[in-house]
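First the structure, in the form of structure tokens, and then the observations on it.
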Amino acid sequence: MHAQHIVDRFLDGYGWNGAHHYPAMDLVALYVDQVGPKDLSRERAARHPTMKIYPTIAGALTRGTGKLAVDGVVLVGEHGTYPRNEKGQTQYPRYEFFSEIVKVYRASGRAVPLFSDKHLSWNWPWAREMYDTARELNFPFMAGSSLPVTWRTPSVDMPMGSRITEALCVCYGGVDSYDFHGLETIQCMVERRQGGETGVEWLEAYRGERFWKALSDGVWSRSLMEAAMSRSFTLASARPGFTHVLPTTDELHRLVRDPVAYQYQHKAGPKCTMLLMAGLVRDFTFAAYVDGSRQPWSTQMYLPMPDGRTTLANFFSPQMNAVEQMFLTGRATYPVERTLLTTGLTAAGIDSLYRDQIRLETPHLAIRYQPTAESTYWRT
């Protein structure tokens, strides 16, 4: 669970660059919205008496004093039992939690850095409001997943100022969950193109038979798709025994039962495609055409999943290290605009699927920003 991966790193430290690293700060207050039969928070509080559990968000932020009494806030609105809407979106209360946090900021007359795990909200207007509120109150704000900051294999970065004509991610998982991860995989690369990010003009989703027709019609590059597949460590065997061949279209049909694609066009930038192909892979790979070459440029965002016997999930470590740096420096380690854009793309993809896979114009995603000069992925 995300909360466990994040909270435990602040309480007990984590492996970082060949040593066990303890954050230069204490986790002193915790609010838990739902306490289930496998809850860990009470055990953690008993073992770490410096951390107290409070019954409300305001109580945790003020530590019972009535005024903001912490130097940084982490918001984790993931997992738990929450309703799903008619589009299939789980209505995680990230916006509601954010609103409660901001109430304390306003009442206290000051604001502190805030990190929000994963995308900002399932609801685009709320996501935009969260971003605008952070700018209004002028506090450092970060969000997103571990995909942009985990290891890469090979350990390469998109050169700043590159000319990218088309980009693609092959990944796995479901809609309203891992689609966001796939979009972040693409965005942390294409944002480094010449001129920086300029926003997205339209998005169109494909699912089921419409996905297979689009593949056959060349709606996205088969060469890029195969380059990304070739970076996978988990590519399913298309034929009996151990083979190293890429699957044919017929074999893809057999392996992938519910394929989904989001394709979208950046303003004055590349066309991008996110391919959810559960049954084919269990990782996240990226490929693009760069600087006029027709030889794909590719890598894998290395995200080794726990094997069922451990909750280590090391890919949370670089993410939490970036959060630590924000708390210590008072500056966001990477731009929250990336997550604002991928939040909007996720919502648009789900909306396109819900509306019979139509192309949606996205003028609200005219989001412009510059990436950090130094990429923040984990190199060691």
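The values are calculated or read from the model by the stated rules, or taken from the named source; none is laboratory data. Bear in mind that the values here come from a model prediction, so they are computed numbers and not experimental data. Cβ: placed from backbone, ideal geometry, glycine included. Neighbour counts: every protein chain shown.
Looking only at segment 3-21, filter to residues that are of a type in the set (A, V, I, L, M) and either under 23 Å from the mean Cα position of the chain (by Cα) or assigned to a strand (DSSP E or B) (or both); which one of those is nearest to residue 316 (Cα to Cα)?
Result: 6.
Can you find, within segment 61-84, the residue that is surrounded by the fewest Cβ atoms within 10 Å (Cβ to Cβ) among those that are within 22 Å of residue 325 (Cα to Cα) and without any contact (Cβ under 8 Å) to a residue 60 or more places away in the chain?
Per the stated criteria, the residue is 69.
Just a yes or no: is a residue in segment 22-41 surrounded by 15 or more Cβ atoms within 10 Å (Cβ to Cβ), of a type outside the set (A, V, I, L, M, F, W, C), part of a loop (DSSP other than H, G, I, E, B) and at positive phi?
The answer is no, given that none of the residues of segment 22-41 is surrounded by 15 or more Cβ atoms within 10 Å (Cβ to Cβ), of a type outside the set (A, V, I, L, M, F, W, C), part of a loop (DSSP other than H, G, I, E, B) and at positive phi.
Condition (residue is closer than 30 Å to residue 21 by Cα, touching a Leu at 6+ places or on another chain (Cβ under 9 Å), without any contact (Cβ under 8 Å) to a residue 24 or more places away in the chain and surrounded by fewer than 22 Cβ atoms within 10 Å (Cβ to Cβ)) applied to segment 306-318: is it met by at least one residue?
For segment 306-318, residues closer than 30 Å to residue 21 by Cα, touching a Leu at 6+ places or on another chain (Cβ under 9 Å), without any contact (Cβ under 8 Å) to a residue 24 or more places away in the chain and surrounded by fewer than 22 Cβ atoms within 10 Å (Cβ to Cβ): present.
Run down 332, 347, 373 and say which single residue is more than 30 Å from residue 213 (Cβ to Cβ), under 19 Å from the mean Cα position of the chain (by Cα) and not assigned by TED's automatic domain parsing to the domain that holds residue 175.
Among 332, 347, 373, only 332 is more than 30 Å from residue 213 (Cβ to Cβ), under 19 Å from the mean Cα position of the chain (by Cα) and not assigned by TED's automatic domain parsing to the domain that holds residue 175.
Right, residue 136: under 30 Å from residue 110 (Cβ atoms) and more than 19 Å from the chain's Cα centre (by Cα) or not?
It is true that residue 136 is under 30 Å from residue 110 (Cβ atoms) and more than 19 Å from the chain's Cα centre (by Cα).
Sort out which residues of segment 1-21 are over 24 Å from residue 379 (Cβ atoms), crowded, with 17+ Cβ neighbours inside 10 Å and out of contact with any Lys or Arg (no Cβ under 8 Å at 6 or more places or on another chain), and write them in order of number.
Passing the criteria: 3, 4.
Quick one: residue 142 ticks every box in (1) out of contact with any helix residue (DSSP H, G or I) (no Cβ under 9 Å at 6 or more places or on another chain); (2) under 25 Å from residue 114 (Cβ atoms) bar one, so which box is it?
Looking at each condition in turn, residue 142 falls short on (1).
Within segment 181-191, is there a residue that is among the aliphatic types (A, V, I, L, M) and surrounded by fewer than 20 Cβ atoms within 10 Å (Cβ to Cβ)?
Looking for residues that are among the aliphatic types (A, V, I, L, M) and surrounded by fewer than 20 Cβ atoms within 10 Å (Cβ to Cβ), one finds none in segment 181-191, hence no.
How many residues are surrounded by 14 or more Cβ atoms within 10 Å (Cβ to Cβ) and in a helix (DSSP H, G or I) if we restrict to segment 342-380?
The qualifying residues number 15.
Do we have residue 226 as of a type in the set (D, E, K, R) and within 24 Å of residue 301 (Cβ to Cβ) here?
For residue 226, the condition - of a type in the set (D, E, K, R) and within 24 Å of residue 301 (Cβ to Cβ) - is met.
So which residues in segment 88-110 are farther than 25 Å from residue 147 by Cα, touching a residue at least 40 places away in the same chain (Cβ under 8 Å) and not in a helix (DSSP H, G or I), if there are any at all?
110
Tally the residues that are among the basic types (Lys, Arg) and farther than 22 Å from residue 374 by Cβ, restricting the search to segment 173-192.
Within segment 173-192, residues that are among the basic types (Lys, Arg) and farther than 22 Å from residue 374 by Cβ number 0.
Which of the residues belonging to segment 306-341 are modelled with pLDDT of 95 or more and in a loop (DSSP other than H, G, I, E, B)?
330, 331, 332, 333, 334, 335, listed by residue number.
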